[in-house]
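For reference, the structure is listed below as structure tokens.
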Amino acid sequence: MKVIKLNRHKGIWIILAALLLPLGCTELANDSYNEIIVSEFEAGADDVTAIIGQAYVPWNAIVLQWNGLWRAQEITADQIVIPARPNGWVDGGIYRRLHEHRWTADNAVASTVWDRTYSAITTTNRVLYQIESGAIELPQEEQAAAIAEIRVLRAAYYYILLDLYGNVPIVDRFDVPEGFLPEQNTRQEVYDFVVNEITSNIDLLSEENNQTTYGKFNKWAAHTLLAKVYLNAEVYTGTPAWNQVIEHTNAVINSGAGYALEPVQKNVFVTENQNSSEIIFAIPIDEKYTDNWNAFDIHMQTLQPASQATYELLSGPWGGMCGIPQAINTYDTLDARYTDNWIMGQQYSSSGDSLFATLGEGAGLPLDYINEVPGVDESLGIHGVRLGKFEIAKGSSNILNNDYPLFRYADVLMMKAEALLRTGSADQAATIVTQIRERAFDNPGRAIVTGAELMGGSVYDYGRRDHNVTTQEGGDDIQYGRFLDELGWEFNQEGRRRQDLIRFGVFTEKSWFSHEPNGDYRVLFPIPTNELNTNPNLSQNPGY
């Protein structure tokens, strides 16, 4: 095998990541766990940063592209819905089935996230093989650090599979026999693998927080990942790990690496957010280099076509994705996140002219986004407040230029607060939550929350609420429900709500909007049908 000698110049990661992102739309067949194209093997071999960067490229496709992880975590939960719209954007009912928890093993989201994540694992295994086999020649210290980084990155991909599917095959090598079909591992085994991979490699990772580590796993991103795994340990294994959550969040808090809350939450989500002090790990996005048409198009999926004139968009949005009214009603209207994260009310063009809805019944009505939606099966262009957490820059294409934060410092603080709350230190938890709330309120008194309040129920008025059915369930019976509310107010639209609802016992127990509970087994997605058909070593998750 050819030995490739690399220079030691690290380069600027954000540029390399942006250049490599278009590759993320390529998905490998899962029955080819060691498939490699020779031209791809040689590409970028003049710089180790580019070689390692190839293993980060799949994040965009996994999380943000069509039917990816973001939809799996948000459209199945209680804050966001994609209802039927007058332009017919319902994609054969796929989004309705996600909302109603009626998905099957043939669901596009279930198969897409599986395919893209295993494709990413194949890439990490290939890069590891290139480095470990000597195909890429590096000084010993750099080689050890590169191997550690890729193994932690691979653990992050397995964390996605652990969370969504539970019982999945662990494939940790690239040089597998032709026709290789892996055995299925238990959720406990996958959890143990993820934890071990991170803990055994974390000390070899860089402690720097700068351009060279942006969008990569440095030590503090790895501590954050490990804290997230431990945060959900009781869901994954039946055994909680709250003390470990505190340990690893403290490692980030006390790191001295410069992570801090932004004075205004919106700063994390502006177009030029790459220098945010709050971002710990992000997916770099730049429309100059990122050319996949839906690399980051939440604005296109949520705005009514007439809103093109507000933001001077290069093309008309097709959307209808919106907030679930019950979720929006939980906000204190003086909370800056209420208006900074959601688009509501009468819409105007960039020149100040009133806009009017287009398409089908309701066309011609003033485009006034109202917090009402008849049902998942029916709506007009004015129904539902729209997603606006990420700044929509004037003149945007269908790709936003905002980098997408996967881990941020507020999450570290809230993970610590939750662990403190669940281990009997409610007042300490409240101090942290208050700290995060303070930036959202002009009146400091409204930001204060007590430990007793965090231990109380949720203000979310659960129950089915659409034009077909009305039921009353409420949220008073949810243990630590107020803390769940705080998570919802701070992290809405960030691709995590399903996970939080599962941890608080809500996901399969409560009704909301047009959704009613449809089986406890829904905490896991099914193993995709095509995987079961091609690999006899796999068994379907219970219930499907």
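Derivation of every value follows stated rules applied to the coordinates shown; laboratory data play no part. Being a predicted model, the structure only gives us computed values, none of them experimental. Quick reminder, even Gly has a Cβ in these numbers, built from the backbone with ideal geometry, and neighbours come from all protein chains shown.
Backbone amide hydrogens, once placed in the peptide plane, bring PHE281 within less than 5 Å of LEU406, PHE407, excluding anything fewer than 5 places away on its chain. In plain terms, the residue of VAL433, VAL109, VAL469, VAL523 with the fewest other Cβ atoms within 10 Å comes first and the most crowded comes last, giving VAL469, VAL523, VAL109, VAL433.
How high is the relative contact order of the chain, in percent, counting Cα pairs under 8 Å that sit 6 or more residues apart? 18 percent.
Specify, per residue and in Å³, the volume enclosed by the convex hull of the alpha carbon atoms belonging to the range 297-398. Each step should come with its number before you reach the end.
Details: hull volume 9.6 nm³, N = 102.
In the range 297-398, the Cα hull volume divided by residue count equals 94 Å³.
Rounded, prolate or oblate: which fits the chain when a ≥ b ≥ c are the square roots of the eigenvalues of the alpha-carbon gyration tensor, with rounded for a/c under 1.5 and prolate only if a/b beats b/c? In terms of gyration-tensor shape, rounded. The range 47-84 and the range 111-188 have Cα centres separated by 18 Å. The residue among LEU138, PHE507, SER425 whose Cα reaches farthest toward the positive pole of the charge dipole of the chain, with charges on the beta-carbon of Lys, Arg, Asp and Glu, is SER425.
Backbone amide hydrogens, once placed in the peptide plane, bring TRP512 within less than 5 Å of GLY463, excluding anything fewer than 5 places away on its chain. Only one residue of ILE150, PHE281, TRP293 has its Cα farthest out toward the positive end of the dipole of the range 145-304, where Lys and Arg carry +1 and Asp and Glu -1 on Cβ, and that residue is PHE281. Computed over the chain, the per-residue total of -39500 (n - 2.57) for DSSP H runs of n ≥ 4 gives a 222 nm mean residue ellipticity of -11000 deg cm²/dmol, rounded to 500.
Using the Cα gyration tensor of the range 257-305, with a ≥ b ≥ c the square roots of its eigenvalues, what is the shape: rounded (a/c below 1.5), prolate (a/b larger than b/c) or oblate (neither)? The partial results should precede the final answer.
Details: a/c = 3.23, a/b = 1.67, b/c = 1.93.
Note, shape of the range 257-305 comes out oblate.
About its Cα centre, the chain has a charge dipole of approximately 180 debye under the convention of +1 per Lys or Arg Cβ and -1 per Asp or Glu Cβ, with nothing else charged.
Quick one: of the DSSP bridges fully inside the chain, what percent are antiparallel, nearest 5?
Around 75 percent antiparallel, to the nearest 5.
Could you please report the charge total around GLU74, scoring K, R as +1 and D, E as -1 over all other residues with beta-carbon less than 9 angstrom from its beta-carbon?
On the way: positive: ARG71, ARG496, ARG497, ARG498; negative: GLU494.
Residues close to GLU74 contribute a combined charge of +3.
Site pair TRP66 and SER539 shows an inter-label distance of 3.6 nm when each label is modelled 7 Å from Cα along Cα→Cβ. Over the range 354-483, Cα pairs under 8 Å with separation of 6+ residues give a relative contact order of 15 percent. To the nearest ten degrees, helix 140-164 and the longest principal axis of the Cα atoms of the chain are 40 degrees apart.
Can you give the local net charge around GLY488? Use residues other than it whose beta-carbon is closer than 14 angstrom to its beta-carbon, Lys and Arg +1, Asp and Glu -1. Show your work: numbers first, answer last.
Numbers: positive: ARG337, LYS389, ARG437, ARG482, ARG496, ARG497, ARG498, ARG503, LYS510; negative: GLU74, ASP78, ASP332, ASP335, ASP411, GLU418, ASP461, ASP485, GLU486, GLU490, GLU494, ASP500.
Result for the neighbourhood of GLY488: -3.
Among PHE269, PHE180, sorting on how many other beta-carbon atoms sit within 10 Å of each Cβ, with the fewest leading, yields PHE180, PHE269. Based on C-alpha pairs under 8 angstrom that are at least 6 apart in sequence, the range 297-398 has a relative contact order of 35 percent.
Which angle from 0 to 90°, rounded to the nearest 10, does the C-alpha axis of helix 187-199 make with the longest principal axis of the chain? Once rounded, the angle reads 70 degrees. Report, in whole Å, the centroid distance computed from the Cα atoms of the range 251-305 and the range 313-390. Centre-to-centre distance over Cα atoms comes out at 23 Å.
Once the C-beta distance of ASP340 and SER200 is scaled by a Förster radius of 56 Å, the resulting FRET efficiency is 0.85 to the nearest 0.05.
Kindly express, to the nearest 10 degrees and within the range 0 to 90, the angle between helix 219-231's C-alpha long axis and the longest C-alpha principal axis of the chain. The answer is roughly 60 degrees.
The share of Cα pairs per 5 Å bin across the range 97-224, counted from zero up to the longest distance, runs 2, 10, 17, 20, 19, 14, 9, 5, 3, 1, 0 percent.
Quick check: convex hull of the Cα atoms in the range 199-284, volume per residue, rounded to a whole Å³?
Details: hull volume 9.8 nm³, N = 86.
Expressed per residue, the convex hull around the Cα atoms of the range 199-284 is 114 Å³.
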